[in-house]
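Comments concern the structure below.
Throughout, read-outs are computed from the coordinates displayed, never taken from laboratory work. These numbers come from a predicted model, not from an experiment. Glycine also receives a Cβ, built like all others from the backbone with ideal geometry; neighbour counts cover every protein chain displayed.
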Amino acid sequence: MAVARLHRHDLVRVDPAAWGPLVAARPDLAGVPPLAGWAAAGWPLILRRRAPGEDRALVPLGLPLPPTLGKRRIGFSLPADVLTACPAPTLAATRAAVPPAWHPTLDALLALGARHGLVPRPFGGLLWQALTGLPYLTDASDLDLLWPLAGSLAKTFLDDLATIAATAPMRLDGEIVLPDGGGVQWREWHEAGTGEVLVKHRDRLEMRAAPALWSAEAPA
């Protein structure tokens, strides 16, 4: 697969034939449910930021367990030839997994996205509950969203998002994903004014001036 095109939070499936030996080679994963059948069920792993010293020939991936299993985050570094890209579900597609109390907020977020030509997609607990059916969401769960950009962002967007967050029954968190794949925590950007914000990429972190982000363009 084209590993160079993957960004943080992208999803990949692991070849089930390769998954068993990979898990068996990790003594720390012995007897951890539901890992044995993870790949066979078609459940994905998520691309994470590469840690210092990790083999750059391997793809850095993660898998979070639900709170009932300790909310452990398990890291993997896997060869690209056992991976297949997996499309990520949109926020609208995960509505059935959302607690009823969240529905008005979801409707407001989807309407906001439609006004700005953006399609939010979840990560965190909602993503994993929607994909696996396992109980990831609790009464204390955040709603973590990615807002991928194809070009510049209207300056009213963050104000509108903050307005929705102010009355939401859960903490509304997540990132604006810039056209170059870098992720900016939306609250940090909203509060930065003329200062700098942290931009997270797959292989690096950088500080960028917040005003310059408004005119970000897709790479050629």
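Below, the figures for the structure above:
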{"read-out": "Radius 14 Å from Cβ of residue 202, net charge of other residues (Lys, Arg +1; Asp, Glu -1)", "value": "+2"}
{"read-out": "Expected 222 nm ellipticity per residue - DSSP helices of 4 or more, -39500 (n - 2.57), all of the chain, to 500", "value": "-6500 deg cm²/dmol"}
{"read-out": "Most mobile listed residue (23, 14, 184) in the chain, GNM with C-alpha springs under 10 Å", "value": "23"}
{"read-out": "Most fluctuating residue given options 164, 176, 46, as computed from a GNM of the chain linking Cα atoms under 10 Å", "value": "164"}
{"read-out": "For the chain, size of Cβ-based charge dipole, Lys and Arg +1, Asp and Glu -1, in debye", "value": "340"}
{"read-out": "Trypsin sites (Lys or Arg not before Pro) restricted to segment 23-111 and DSSP loop, no more than 16 other C-beta within 10 Å", "value": "49, 56, 71, 72"}
{"read-out": "Inter-centroid distance (Cα atoms) of segment 10-77 relative to segment 134-196, Å", "value": "27"}
{"read-out": "Taking the C-alpha atoms of segment 110-220, convex hull volume expressed per residue in Å³", "value": "122"}
{"read-out": "Given 15 as the ceiling on other Cβ atoms within 10 Å, longest exposed-site-free region of the chain for GluC sites (Glu not before Pro) in DSSP loops", "value": "55-216"}
